[in-house]
Amino acid sequence: MLLIQYTLIYASVLIFVAFGGMFSERSGVINLGLEGTMVMGALGGAFILYSLPAGTPAICIILLTILTSIVFGMLYSLFLAVAAINFKADQTLVGTAMNMLATAASVVIVKSFNNARSAGQNPSAILDYIQNRKVFLLGDFNIYMILTLILIAVGYVVLFKTRFGLRLMACGEHPQAAASVGINVFKMRYSGVLISGLCGGVGGIIYISAANSQWDFMYGVAGAGFLALAVMIFGQWNPLKIAASALLFGAFRAIADTYSAFDFLIHLVPGDVYKMLPYIISLIVLAFTSQNSRAPKAEGIPYDKGTR
């Protein structure tokens, strides 16, 4: 049961973040900054969980935490949108810089916050944080799992069954052709990047509050954003395939965290191997599948009205 719980939690993280990457790349913008977006979303949500006193109504805690993570994620994703869409900067470099900045900034912010907290001598606040995290639990499962199921359904319908989704994909495949029929490519790409910020922010708070026990951000989100990118590629930028891929990757990540609870796993291979397992699997999967993957044709290519 423990392995199933952890698998579903990690799959929820990967699905949210991979969906963010999917919407961004379907619009034509490569988002390698998902790791940083997760960190910022986690930072905003964690502060809400820490700041709200114990006894706050559960619905208020849930809504405020998720909304704050969404706002932080979307605001941070604007760095990519402005740099890549308006200034036509190299999207890979911008995403990498976003990851580095988010991790470094969050460490500084959290350390400053902890120092101020120590000076103020408020030991009950950490107990409030622990207590507030519990409102997301539904027995053996988690509210985030329900949100993930909703995201899968909504993401599929929006992408393949709505005018917005079809226009978004057109901008990632043939932006000049899309513009010729009156579609505003800049607005659609902004929409894709902002949606990626929304999903990445929620993925971050899921990771920090449900899949991780601490929030010092010394190691960011431990590569979860890059695993989500691997899930997205393995899932061929398709919502249903991404969900299935996330369960596979989530299972290996769950094994890495729960192997000590199973005697036969402890004696099978050294513990460090299990910790490396998700990343090893991602390399193997991408090595065998990346050649057959079909990314949106115009992803990573800045849109220029003058080109045809």
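The values are calculated or read from the model by the stated rules, or taken from the named source; none is laboratory data. Remember, predicted model here, so these are calculated numbers, not experimental data. Backbone-built Cβ (ideal geometry, glycine too); neighbour counts: all protein chains shown. What goes into the accessible areas is simple: the full protein's heavy atoms, side chains included, and nothing from ligands, DNA or RNA. Shrake-Rupley method; radii C 1.70, N 1.55, O 1.52, S 1.80 Å.
Below are the figures for this structure:
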item: Enumeration of residues in segment 74-102 that are surrounded by fewer than 19 Cβ atoms within 10 Å (Cβ to Cβ) and assigned to a helix (DSSP H, G or I); result: 75, 78, 82, 86, 92, 93, 96, 97, 100, 101
item: Every residue from segment 8-36 that is in a loop (DSSP other than H, G, I, E, B) and polar (S, T, N, Q); result: 31
item: Criterion: open to solvent by less than 30 Å² (accessible area, probe 1.4 Å), of a type outside the set (Phe, Trp, Tyr), within 27 Å of residue 63 (Cα to Cα) and in contact with a helix residue (DSSP H, G or I) (Cβ under 6 Å, 6 or more places away or on another chain) - qualifying residue of 158, 110, 202; result: 202
item: Members of segment 274-295 that are part of a helix (DSSP H, G or I), more than 16 Å from residue 256 (Cβ to Cβ) and open to solvent by 50 Å² or more (accessible area, probe 1.4 Å); result: 287, 288, 290, 291, 292
item: Per-region count, segment 236-245, residues at negative phi and surrounded by fewer than 24 Cβ atoms within 10 Å (Cβ to Cβ); result: 6
item: Residues located in segment 32-68, provided they are open to solvent by 30 Å² or more (accessible area, probe 1.4 Å), of a type in the set (Val, Ile, Thr) and in contact with a Leu (Cβ under 8 Å, 6 or more places away or on another chain); result: 48
item: Condition check for residue 220: in contact (Cβ under 8 Å) with a residue 24 or more places away in the chain, under 30 Å from residue 105 (Cα atoms) and of a type in the set (Gly, Ala, Ser); result: yes
item: Residue within segment 106-114 that is within 16 Å of residue 42 (Cβ to Cβ), at pLDDT 85 or above and not β-branched (Val, Ile, Thr) present; result: yes
item: Residue in segment 259-273 that is part of a loop (DSSP other than H, G, I, E, B), open to solvent by 30 Å² or more (accessible area, probe 1.4 Å), β-branched (Val, Ile, Thr) and at pLDDT 80 or above present; result: no
item: Residue check, residue 71 free of Cβ contacts under 8 Å to residues at least 12 places away in the same chain, closer than 22 Å to residue 188 by Cα, open to solvent by 10 Å² or more (accessible area, probe 1.4 Å) and assigned to a helix (DSSP H, G or I); result: no
item: Residue ranges of helices (runs of 4 or more DSSP H) in segment 123-234 with at least 1 members among the acidic types (Asp, Glu) and within 25 Å of residue 289 (Cα to Cα); result: 163-173
item: Selection from segment 163-178 of residues that are over 19 Å from residue 236 (Cα atoms) and without any contact (Cβ under 8 Å) to a residue 60 or more places away in the chain; result: 163, 164, 177, 178
item: Condition met for residue 39 (more than 26 Å from residue 85 (Cα to Cα) and part of a helix (DSSP H, G or I)); result: no
item: Residue in segment 74-81 that is at pLDDT 95 or above, more than 27 Å from residue 294 (Cα to Cα) and in contact with a Ser or Thr (Cβ under 6 Å, 6 or more places away or on another chain) present; result: yes
item: Positions within segment 53-105 being hydrophobic (A, V, I, L, M, F, W, C) and in contact with an Asp or Glu (Cβ under 7 Å, 6 or more places away or on another chain), in sequence order; result: 54
